[in-house]
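Quick note: the coordinates plus some simple rules give every number you see, no bench work behind them. Computed from a predicted model, the values in this text were never measured in an experiment. Don't worry about glycine lacking a Cβ; one is built from the backbone with ideal geometry, like all the others, and counts go over all protein chains shown.
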Amino acid sequence: MRHRSVIHRAVLAAAAVALAVGCTPEAGAGGTADPSPVPPSSSAPSSAAPSETPTSDDKPSQAPSSEAPSPSATPTTERPQPQSKVLMKDGDESAQVRELQARLRQIGYFDRAPTGFYGSITGTAVKAFQKKRELPQTGSVDEITWQKLLGMTRKPTKDELRPSTSNKLDKPDPRCMKGRVLCISKETRTLAWMIDGKVLSSMDVRFGSENTPTREGTFSVGWKARKWTSTIYHTPMPYAMFFSGGQAVHYSADFAARGYAGASHGCVNVRDKGKIAALFDQVKVGDKVVVHW
């Protein structure tokens, strides 16, 4: 009896173990069915596997444009260009500038007597020459411009460098456009007697040397002397019209004889005696004097 009971208990225990390991709850039996995993298929690649066909985001970008050269290309436009040495420029005053002006005048680019001073008129003439020859239009004379000009012109004569004819007037300074004015240009070496912007007479002039320069600016005639001798240099100063201390506009026999080979001690020399005599009679004490480049 007891043996039979033991056997019965053993059979019940084996059945309980089999039920716990091999069975799952059915759907609809108060639980949720546990879906079976789907095995990988050769026709459905795994999402983790890399795709063989690149998407639009993976496709290479368009080829670089011509505006963005490849690193291997040599950017020729960025190579530094050799600089040509500047020989003459605005503000210079020398014998070479006088020769430049004479040579430009030979081929029609400078329409006045050479002065030796490099100002705006000379710069404009140089730019026009450079433009015609397809050179950089700097307005300054570098070695390339100078050699080009030398090849097209001949060495100026003495008369071409220092002609006896009157210099052409410069465009009047704005300060000369109102009232009675002695408008004096250092660049063109001219004096224009003007009243309310109208030129009544003009004449060649020269100025002081580097050591005794003629002052620039706006002045007025302080006093006049038909006959005067310098108390410092003891030289005659006929038809003197003083405008700045001892500096005056006056006739110069030396200027008439030697031209621009000489210089004054700071005064404005006139070489045409007839013109300065007529001017002296017209100018009044208090009239404006403008000396400019």
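Within region 259-293, whose backbone N sits under 18 Å from a point 7 Å along Cα→Cβ of ASP196?
Backbone N within reach: 283-284, 287-288.
Please list, ordered by chain and number, the residues whose modelled amide H lies under 5 Å from the amide H of THR214; skip anything fewer than 5 residues away on the same chain.
GLY208
A 19 angstrom limit on the alpha carbon distance is what I want to check against. Which of LYS132/LYS168; LYS85/LYS148; LYS178/LYS273; LYS85/LYS158; LYS132/LYS155 exceed it?
LYS132/LYS168; LYS178/LYS273; LYS85/LYS158; LYS132/LYS155
For LYS171, which lysines qualify as cross-link partners when the Cα separation must be under 16 Å and same-chain residues fewer than eight apart are set aside?
List returned: LYS186, LYS198.
Count charges around THR138 for me, please; just the other residues with Cβ under 9 Å from its Cβ, Lys/Arg as +1, Asp/Glu as -1.
Combined, the nearby Lys, Arg, Asp and Glu give +1.
For the residues LYS275, LYS89, what sequence is obtained by ranking on other C-beta atoms within 10 Å, fewest first?
Result, fewest neighbours first: LYS89, LYS275.
Got a sec to turn the phi values of region 215-229 into Karplus ³J(HN,Hα) couplings, 6.51 cos²θ - 1.76 cosθ + 1.60 with θ = phi - 60°, whole Hz, x for Gly and Pro?
Per-residue couplings from phi come out as 5, 9, x, 10, 9, 8, 5, x, 6, 10, 8, 5, 10, 8, 10 Hz.
Under a 5 Å amide H to amide H cut-off, with H placed in plane at 1.01 Å, what residues pair with VAL289 once short-range neighbours are removed?
Distant-sequence amide H within range of VAL289: LEU182, PHE219, SER220, VAL221.
Translational diffusion coefficient of region 151-281 at 25 °C, 0.890 mPa s, Stokes-Einstein with Kirkwood Rh over Cα pairs, in µm²/s as a whole number.
Approximately 159 µm²/s, per Stokes-Einstein.
Each residue of region 127-138 in order: what ³J(HN,Hα) in whole Hz does its phi give by Karplus 6.51 cos²θ - 1.76 cosθ + 1.60, θ = phi - 60°, with x for Gly and Pro?
Once θ is set to phi - 60°, the couplings for region 127-138 become 4, 5, 5, 5, 4, 5, 9, 6, 9, x, 8, 8 Hz.
What are the residues whose amide H is under 5 Å from the amide H of SER201, where those residues sit 5 or more places off or on another chain and H is modelled from the backbone?
Correct list: TRP193.
Hey, what do the phi angles of region 279-284 turn into as Karplus ³J(HN,Hα) couplings, whole Hz, using 6.51/-1.76/1.60 and θ = phi - 60°, x for Gly and Pro?
Running phi through 6.51 cos²θ - 1.76 cosθ + 1.60 with θ = phi - 60° gives 5, 4, 6, 8, 6, 10 Hz.
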